[in-house]
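Written out below as structure tokens is the structure these notes cover.
Rule-based calculations on the coordinates, nothing more; no lab input. Owing to the predicted nature of the structure, the values given are computational and were not obtained by experimental measurement. Virtual Cβ from ideal backbone geometry, glycine too; neighbours counted across all protein chains shown.
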Amino acid sequence: MTEPGLSADSPFFCTPPLRTALRPSNESPMPTFAPEQPARGFRHASVLLDGAVEGLVHDPQGAYLDGTFGRGGHSRAILARLTSQGRLLAIDRDPQAVAEAAAIDDPRFFIEQGEFANLGEIVDRHGLYGRLAGVLLDVGVSSPQLDDPQRGFSFLRDGPLDMRMDPTRGESAADFLARANEGELAAVFKAYGEERFARRLARAIVARRPERPFARTADLAEVVKAAHPAWEKGKHPATRVFQALRIQVNGELQQLDAALEAALEALAPGGHLVVISFHSLEDRRVKRFIRDHVRGDTDLPRGMPIRDDQLKRRLASLGKARRPSAEEIQENPRARSAVMRMARKQY
Ligand SMILES: C[S@@+](CC[C@H](N)C(=O)[O-])C[C@H]1O[C@@H](n2cnc3c(N)ncnc32)[C@H](O)[C@@H]1O
């Protein structure tokens, strides 16, 4: 059985890290690679690595933002394409991810712990607001977050029911399950997990709560499994509930909306926006955001003849949505639901 974006037996490979040194200016990008041991044995295989970085880096001297550092696979590949004038600012809300970034010893690279909601402020602090050549968002959770039972994302590996990407702040999944009423739980399971039996599962959770609060992932998975009337083939019956809780706890959709808005403002005209998402709830938002800004808008009343420049088209689409190849999915089954969309800022 698999978790959302997770295959228990899939092989994961770490992108080789780039160790860069100061190079004379105007040279062509020349990365050097060295083997790396990922911290605590948890690895992340970057999805759509080459396509994303190719689409992002159109100016090797530019300043870029990797809004989702994770384990730095994309960041390292971006740095490999930049000259010594290039800059890369990375952000991640997960303190473990930020700690991993210490392995990148490169004067062109900066990392900040923070979330999408503060993206504009962080970029501004680095003097890059409105000046970025590109923004990459590879949204969702990383493999180390999913694989480490202590992070509480997994229904396959027992651990504390946490699910926060930044465990130092906000409400854990256990806290939410302890305080939400049946209606709130059902609404979350339905909206964020697209769970058909949301109400029934919420009722089972509320009925069990007085006996013992939910504190462990395996306990919640068992209660949901027992209450679920229609198991889907090849899918753990708690899959949708776990996805829903993760999205709720991390405010993932609200964060994505904030990131898209902030990224558009933080880009320089001509800058590229690249977004990789892993489920349809996210991809729908990305697609709509790009489509709306490609179509443009006008304050003029309907029916009035308008010139193209009055339409305020802030983005131009850079091709169709792209998905990983069959080979990439075979190598990394977690890539299977990924969708990448790219656009260029017009003004
Ligand atoms: C799919 S992983 C990125 C993997 C990365 N591209 C790589 O190659 O290693 C997503 C990362 O984004 C971070 N993240 C997700 N939502 C975030 C948010 N709202 N603000 C900041 N970071 C976020 C997660 O903590 C996670 O480390």
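Points to keep in mind about this one:
- Listed by Cβ neighbour count within 10 Å, with the fewest neighbours leading, LYS190, LYS233, LYS312 appear as LYS233, LYS312, LYS190.
- Radius, Kirkwood style, for the stretch 273-347 when every pair of distinct Cα atoms is counted (Å): 14.1
- Which listed pairs, of LYS190/LYS235; LYS233/LYS287; LYS287/LYS312; LYS190/LYS287; LYS190/LYS345, have C-alpha distances above 26 Å, in listed order: LYS233/LYS287; LYS190/LYS345
- Pairs of Cα atoms farther than 19 Å apart, the stretch 56-186, %: 54
- Ignoring aspartates and glutamates fewer than eight residues from LYS225 along the same chain, the ones with Cα atoms less than 14 angstrom from its Cα are GLU3, GLU195.
- Note on the chain: antiparallel DSSP beta bridges, both residues inside, total approximately 40 percent of the bridges counted.
- Sequence-distant contacts, meaning Cα pairs under 8 Å at least 6 residues apart, place the relative contact order of the chain at 19 percent.
- Between VAL47, GLN310, ALA80, the Cα set farthest toward the positive side of the dipole of the chain (charges on each charged residue's Cβ, about the Cα centre) is that of GLN310.
- Distance (nanometres) between label positions extended 7 Å along Cα→Cβ at LEU318 and GLU211: 5.4
- By the compact-protein rule of thumb, 2.2 N^0.38 Å, the alpha-carbon radius of gyration of the chain corresponds to a ratio of 1.04.
- Taking the stretch 167-250 and dividing mean pair separation by its residue count, relative contact order in percent (alpha carbons under 8 Å, at least six apart): 39
- Förster radius 35 Å - calculated FRET efficiency between ALA226 and GLU261, Cβ distance, rounded to 0.05: 0.25
- Cβ-Cβ FRET estimate between ARG125 and ALA102, R0 fixed at 30 Å, reported to 0.05: 0.90
- Around ALA230: net Lys/Arg minus Asp/Glu count, Cβ-Cβ under 14 Å: +4
- Global geometry of the stretch 155-238, whether rounded, prolate or oblate, following the gyration tensor of its Cα atoms and the 1.5 cut on a/c: rounded
- The Cα center of the stretch 143-170 and the Cα center of the stretch 225-299 differ in position by 20 Å.
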